[in-house]
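In what follows, a single structure is set out as C-alpha cells and then discussed.
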Amino acid sequence: MKTIIVQGSSRVDGNSYQIAKMFQEKFDAPIINLAEKKIHPYSYEHHHTDDDFLPTLEEIVHYDTIVFITPVYWYSMSGIMKNFFDRITDCLKVHKQTGRKLRGMNMLAVSCGSDATQHPGFFIPFQLSAAYLSMNYLGELHTWISRDKPEKEVSDQIDLFANRVLEVAIEP
C-alpha cells in the first residue's frame with residue numbers, strides 16, 4: 001500500500017503533526033503539511049491557477065492511499081483542510097484528468113483533539129467526499145493529545161487502526 005499523509009493544521013509541528021508522525025512510521029509514508037502550501041480558497045471563476053493546489057494534488061495521486069489528518073476546529077476539520085477539499089472542485093470542472101485519478105484511491109480520516117471526545121458528524125464530510133469522488137473510504141479515527149504528547153491509549157488505537165487498514169486496503 002503506497003500511502004501519503006496530508007496534514008491540515010495551522011501549526012506545522014503541532015499536535016496533529018505528532019499524530020501524523022505516528023502514522024508515518026506505520027505506513028512508511030511522506031507527509032504533506034498543508035500549512036506549508038499556498039492554497040487559495042475555491043473560486044467559481046477558477047482564478048487561482050498559480051498556487052500550490054494542483055501541484056500538491058498531482059503529487060498525491062501518485063499514491064493509492066491518502067490519510068487526511070486534521071485538528072478539530074469548532075467541531076469540524078481545519079480551515080486549511082476545508083480549502084483543500086473545496087479546491088478538489090477544480091479537478092471536477094477544469095483539471096478533470098487529475099481529478100479522475102482520485103477514483104479508486106483509498107481514503108482515511110484522522111482527527112486530533114484535546115480530549116477523547118469524538119464529535120457527532122465530524123467525519124461525514126470525509127465519508128461523503130470519498131463516495132462522491134468514487135474513492136474507497138477505509139475508516140476514521142479520533143485521536144487526542146494531552147500534556148503535549150499522545151497517551152498510550154492513543155498510540156494503541158493508532159496501532160490497531162493502522163493494522164486493520166493494512167489488512168483491508170484495496171490495491172488499485
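Every number here is computed from the coordinates shown, using simple stated rules; none is lab data. From a predicted model like this one, the values you see are computed outputs, not experimental measurements. Here the Cβ positions follow ideal geometry from the backbone for every residue, glycine too, while neighbour counts run over all protein chains shown.
The number of Lys pairs in the chain with C-alpha atoms less than 17 Å apart, excluding pairs fewer than 8 positions apart on the same chain, is 9.
Under 5 Å between amide hydrogens, built in the peptide plane, is the criterion, and for SER9 it picks out LEU34, ALA35 among residues at least 5 positions away or on other chains.
How much of the calculated P(r) for the chain lies past 22 Å, in percent of all Cα pairs? The calculated P(r) of the chain puts 40 percent of pairs beyond 22 Å.
Taking θ as phi - 60° and the Karplus parameters 6.51, -1.76 and 1.60, the scalar couplings of the stretch 22-28 work out to 5, 5, 4, 5, 5, 10, 6 Hz in sequence order, x denoting glycine and proline. Fewest-first ordering of VAL6, VAL94, VAL165 by other beta carbons within 10 Å of each residue's beta carbon gives VAL94, VAL165, VAL6.
Going by a ≥ b ≥ c, the root eigenvalues of the Cα gyration tensor, does the stretch 27-115 fall in the rounded group (a/c under 1.5), the prolate group (a/b larger than b/c) or the oblate group? Because a/c hits 1.5 or more and a/b fails to exceed b/c, the stretch 27-115 counts as oblate. Working note: 222 nm ellipticity from helices only, DSSP H runs with n ≥ 4, each -39,500 (n - 2.57), summed and divided by the residues of the chain, gives -11000 deg cm²/dmol to the nearest 500.
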